[in-house]
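Okay, so here's the structure we're looking at.
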Amino acid sequence: MTDVSFQGLSHVDVPVTDLARAKRLYGEVLGFPLRKEGTGWADLDAGTAAIRLVETRKPEQTVAIRVQAASVEEGLATLAKSGARLLYTAMKTPANELVGSVRDPDGNTIYVWRPLTEDEYETVPELPKELTWTPEAEAFLKSLL
């Protein structure tokens with residue numbers, strides 16, 4: 001174990017071949033404002049961290065990010081109209097989420113998701129079980145009724 005104190009996620013590098021195009025998709029369409037930029041890169045504010053768009057001739061690896069949206073369907077449609085390729089439409093997951101996915105022009109994956117409301121669950125969630133009744137407590141309750 002070291003004495004190093006990590007302080008959270010700084011940024012995620014997203015390799016892109018066309019920085020201007022990526023700034024439009026990630027900045028204007030997804031709504032991540034520009035924090036700062038330099039030659040061949042731009043940092044976009046994604047709330048708790050930054051997305052660093054890094055221009056490269058040929059990305060060696062791709063990344064996947066998840067963005068939350070009030071309407072997954074509308075988010076996917078907007079991204080598709082802006083040059084992303086739809087991978088799969090919105091679907092419910094066992095984790096009680098609605099998730100869909102697109103791929104940006106450089107091969108990076110953007111998952112658009114939101115948590116399901118209880119009304120949208122496929123099954124009735126199990127109620128929490130913090131305490132159990134003892135036979136004595138059950139008998140006492142019946143005596144009171």
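For the chain, what is the percent of antiparallel DSSP beta bridges, rounded to the nearest 5?
65 percent
Which value, in Å², gives the accessible area per residue of region 1-141 when a 1.4 Å probe is used on the protein heavy atoms? Could the numbers behind the result be given before it?
On the way: 9850 Å² over 141 residues.
Per residue, region 1-141 has 70 Å² of solvent-accessible surface.
Give the range of the longest stretch in the chain that excludes all trypsin sites (Lys or Arg not before Pro) found in loop regions by DSSP and having at most 12 other beta-carbon atoms within 10 Å.
The reported range is 58-128.
Just want to confirm a number: the relative contact order over the chain, from Cα pairs under 8 angstrom separated by 6+ residues, in percent.
19 percent
Using the Karplus curve 6.51 cos²θ - 1.76 cosθ + 1.60 with θ = phi - 60°, what ³J(HN,Hα) values do you get for each residue of region 133-144, in whole Hz, with x for Gly and Pro?
7, 8, x, 5, 5, 4, 5, 5, 4, 5, 5, 6
Give me, ordered by chain and number, the residues 5 or more places off V112 or on other chains with an amide H under 5 Å from its own placed amide H.
Those qualifying (amide H under 5 Å, at least 5 residues apart or on another chain) are V67, G100, S101, V102.
How would you rank 6-12, 113-119, highest first, on the average number of other Cβ atoms within 10 Å across their residues?
Result, highest mean first: 113-119, 6-12.
For region 20-30, in order, what is each residue's ³J(HN,Hα) by Karplus, 6.51 cos²θ - 1.76 cosθ + 1.60 with θ = phi - 60°, in whole Hz (x at glycine and Pro)?
Those phi angles translate into 4, 4, 5, 5, 5, 5, 7, x, 7, 6, 7 Hz.
Cα convex hull of region 63-136: how many Å³ per residue?
Values: hull volume 8.0 nm³, N = 74.
Normalising the Cα hull of region 63-136 by residue number yields 108 Å³.
Amide H neighbours of T56 under 5 Å, at least 5 residues apart or on other chains, H built in the peptide plane: list them.
Long-range HN contacts for T56: V16, T17.
Can you work out D for the chain in µm² s⁻¹ from Stokes-Einstein, where Rh is the Kirkwood radius over C-alpha pairs, the temperature is 10 °C and the viscosity is 1.306 mPa s?
Values: Rh = 18.4 Å.
Stokes-Einstein gives a translational diffusion coefficient of 87 µm²/s.
Within 10 Å of each candidate Cβ there may be at most 14 other Cβ atoms; applying that plus a DSSP loop requirement, which GluC sites (Glu not before Pro) in region 1-94 survive?
E60
Quick one: if you stick a label point 7 Å off each Cα along the C-beta vector at V63 and D3, how many nm between them?
Between V63 and D3, the simple spin-label model gives 3.2 nm.
What full-extension length gain, to one decimal in nm, is calculated for A49 and E136 as 0.36 nm per residue of separation minus the Cα-Cα distance?
25.9 nm
The values are calculated or read from the model by the stated rules, or taken from the named source; none is laboratory data. On a predicted model such as this, the values are computed, not experimentally measured, just so you know. Here Cβ is always computed from backbone atoms with ideal geometry, including for glycine, and neighbour counts include all displayed protein chains. Heads up: the accessible areas ignore ligands, DNA and RNA and are worked out on the full protein's heavy atoms, side chains in. Shrake-Rupley method; radii C 1.70, N 1.55, O 1.52, S 1.80 Å.
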